[in-house]
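Student: One structure coming up, written as structure tokens, with questions to follow.
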Amino acid sequence: MKKVGVGLIGFGTIGTGLIKIIQQEKQVELKHIADLDITTPRSVKVDKALLTTDVSKVLNDPSVDIIVELIGGIQPAKKFILTALKNKKHVVTANKALLATHGDEIFQTAKDNNVYIKFEASVAGGIPIIKAVRDSFRSSDITSVLGIVNGTSNFILSRMSLDGQTFSAALKDAQGLGYAETDASLDIDGVDSAHKIAILSSIIYRTRVDMGHIYVEGIRHITLEDIQYAEELGYVIKPLAIANRDGNKLDVRVHPVLISKEHLLSSVSDVYNAIYLRGDSIGEMMFYGLGAGQMPTANAVYSDIIDIVGKMSAKSNVMDDYSFTNRLDIKETSENRLRYYIRFSAVDKPGVLAKISGILGRSKISIASVIQKDRKQSGAVPIIMMTHEAEEKNIHSAIRGIDKLDIIKSKSIIIRVKD
Ligand code: HSE
């Protein structure tokens, strides 16, 4: 029987992993491998005749049924994918940035041309979360999604917490291990997580979530001190992507969180990812696995290819449905009511706590606990406060006021808390 023809665009880390799997499984025939660089040696042996720097060869070859896009970024990836779809070729991609920002056009083009677009590897690497949320849940059932979906940030915070490593040493290790994006600021500033929660929440809630809807905060400001104080208070700091539905409103945000050591997500460390769902009928559910790295991600790409091969051989004309029929309003982050960890850096003298708590009290913020350990003769000391639930807008206005006091020596750090 004639094997399904696959054309690969992008001979990088994941592309190399994918070729290894294709060679091992022998279920599809690799027709072309396109990349701008076809001379640098890779850790896989390929027939030189397959290599090309000319993408149009892949896009226009009638023997190619499925095109795999693994170059990342918006352009020229978008142009290649749209051309492939218009040429009636199924597409498999890992391109989260593209789907998060131009998903509508790509899904619509796939639908118009009656071909599949699959993107399992775009969210949480090796975890088959797209398939699960697309096929296994009613969107009306899910009330909350909490995800650790950036392996690099989780790796950095875990190494700081477990080994006392500095931020930059841990980042360097993550880059060396091939987890980080080419531009690592996408990882540590939360943008990669935002791309992933945009895709995931759009599918789960069947509503279009754009990057502009998402509050995004990275992990650069988290210090070893914060990690240690959190630990004393019974929490770990995790980089979370969050999408909560509250009636007709959706609250979508990315930021570090103090999460209780009793929560399932607190034990998800290093490059592991996890997606924790809560729903009215499903209760709690968590998906856990490797979220980055060559072979887990290549495996997700391969599973999409095999999915399409199965549909082709069954001559299925049932397409995946990515029409976002719900219209949920996006909630402003300032409307949230959460608990907060606040670290002040204050002079150590009588009356300091009274001044801080006075402003908090006037902003209707109730203090749950306070730590101040290091007594110093001069300079600033850290004062850590945990609040009860408070309105986020009140927290920000109170801290702005407190930071103007002459007893405060540097900008206060605020981290949201999840019990
Ligand atoms: N840079 C990403 C991460 C790779 O660290 O999770 C997977 O998308």
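The values are calculated or read from the model by the stated rules, or taken from the named source; none is laboratory data. Given the structure is predicted, the values throughout are model-derived calculations rather than measurements. No Cβ is skipped: glycine too gets one built from the backbone with ideal geometry, and neighbour counts run over all protein chains shown. Just the protein is used for accessible areas: all its heavy atoms, side chains included, with ligands, DNA and RNA removed. Shrake-Rupley method; radii C 1.70, N 1.55, O 1.52, S 1.80 Å.
Student: Ordered by residue, what ³J(HN,Hα) values in Hz, to whole numbers, does the stretch 255-261 give under the Karplus form 6.51 cos²θ - 1.76 cosθ + 1.60, where θ = phi - 60° and Gly and Pro are x?
Tutor: 5, x, 9, 7, 10, 4, 4
Student: OK, next. Taking the square root of 5 times each eigenvalue of the Cα gyration tensor, what semi-axes in Å does the equivalent ellipsoid of the stretch 263-419 have, largest first? Show your work: numbers first, answer last.
Tutor: Details: eigenvalues 462, 82, 37 Å².
In descending order the semi-axes read 48, 20, 14 Å.
Student: Among Ser260, Val236, Val347, whose Cα lies farthest out toward the positive end of the dipole of the stretch 220-366, if unit charges sit on the beta carbon of Lys, Arg (+1) and Asp, Glu (-1)?
Tutor: The one lying farthest along the dipole's positive direction is Val347.
Student: Step through the residues of the stretch 155-172 one at a time and calculate ³J(HN,Hα) from phi using the Karplus curve (6.51 cos²θ - 1.76 cosθ + 1.60, θ = phi - 60°), rounding each to whole Hz and writing x for Gly and Pro.
Tutor: For the stretch 155-172, the Karplus-derived couplings read 4, 4, 5, 5, 5, 5, 6, 8, 10, x, 5, 7, 4, 6, 5, 5, 5, 4 Hz, x marking Gly and Pro.
Student: Shifting gears a bit: Taking N as the number of residues in the stretch 167-317, what value does Rg over Cα atoms divided by 2.2 N^0.38 Å take? Let's see the in-between values first.
Tutor: Working: Rg = 17.6 Å, N = 151, 2.2 N^0.38 = 14.8 Å.
Ratio of Cα Rg to 2.2 N^0.38 Å: 1.19.
Student: In whole percent, how big is the carbon plus sulfur part of the accessible area of the stretch 194-331, probe 1.4 Å, protein atoms only?
Tutor: Carbon-and-sulfur percentage of accessible area, whole number: 50.
Student: Once you keep just the Cα pairs under 8 angstrom separated by 6 or more residues, what percentage relative contact order results for the chain?
Tutor: 15 percent
Student: Now for a different question. In terms of the Cα gyration tensor, with a ≥ b ≥ c the square roots of its eigenvalues, is the stretch 1-72 rounded because a/c is under 1.5, prolate because a/b exceeds b/c, or oblate?
Tutor: oblate
Student: Right, another one. Around Thr16, with a cut-off of 11 angstrom between Cβ atoms, what is the net charge of the other residues, counting Lys and Arg +1 and Asp and Glu -1?
Tutor: Net local charge, Thr16 excluded: +2.
Student: Pop the C-beta distance of Lys411 and His388 into the FRET formula with R0 = 22 Å and round what comes out to the nearest 0.05.
Tutor: The computed FRET efficiency comes out at 0.40.
Student: With no solvent and one equal point scatterer placed on each C-alpha of the chain, evaluate the Debye formula and give log10 I(q)/I(0) for q = 0.06, 0.11, 0.13, 0.14 Å⁻¹, two decimals.
Tutor: Values, matching the q order: -0.29, -0.84, -1.08, -1.21.
Student: Right, another one. With both bridge residues required to lie in the chain, what share of the DSSP beta bridges run antiparallel, to the nearest 5%? Please report the intermediate quantities before stating the final value.
Tutor: Details: 50 of 74 bridges.
Roughly 70 percent of the beta bridges in the chain run antiparallel, per DSSP.
Student: Let me ask something else about it. Can you work out the accessible area per residue across the chain, with the rest of the protein chains kept in place, probe 1.4 Å, in square angstrom?
Tutor: Result: 43 Å² of accessible area for each residue.
Student: Still on this structure, please answer the following. Between their Cα atoms, which of Lys79/Lys418; Lys238/Lys311; Lys20/Lys238; Lys78/Lys315 are more than 31 Å away from each other?
Tutor: Lys79/Lys418; Lys238/Lys311; Lys20/Lys238
Student: Which percent of the accessible area of the stretch 334-418 is formed by carbon and sulfur heavy atoms (probe 1.4 angstrom)?
Tutor: 50 percent
Student: If you don't mind, another one. Estimate the FRET efficiency between Gln75 and Lys373 by the formula 1/(1 + (r/R0)^6), using the beta-carbon distance for r and 60 Å for R0, to the nearest 0.05.
Tutor: Numbers: r = 52 Å, r/R0 = 0.87.
After rounding, the FRET efficiency stands at 0.70.
Student: Based on the alpha carbons, how large is the Rg to Rh ratio for the stretch 334-418 when Rh follows Kirkwood?
Tutor: With Rg and the Kirkwood Rh in hand, the quotient comes to 0.95.
Student: Just to confirm the number: angle between the C-alpha axis of helix 191-205 and the first principal axis of the chain, 0 to 90 degrees, nearest 10?
Tutor: Here the helix axis deviates by roughly 70 degrees.
Student: If you average the C-alpha positions of the stretch 219-293 and of the stretch 335-365 separately, how far apart do those two centres end up, in angstrom?
Tutor: 25 Å
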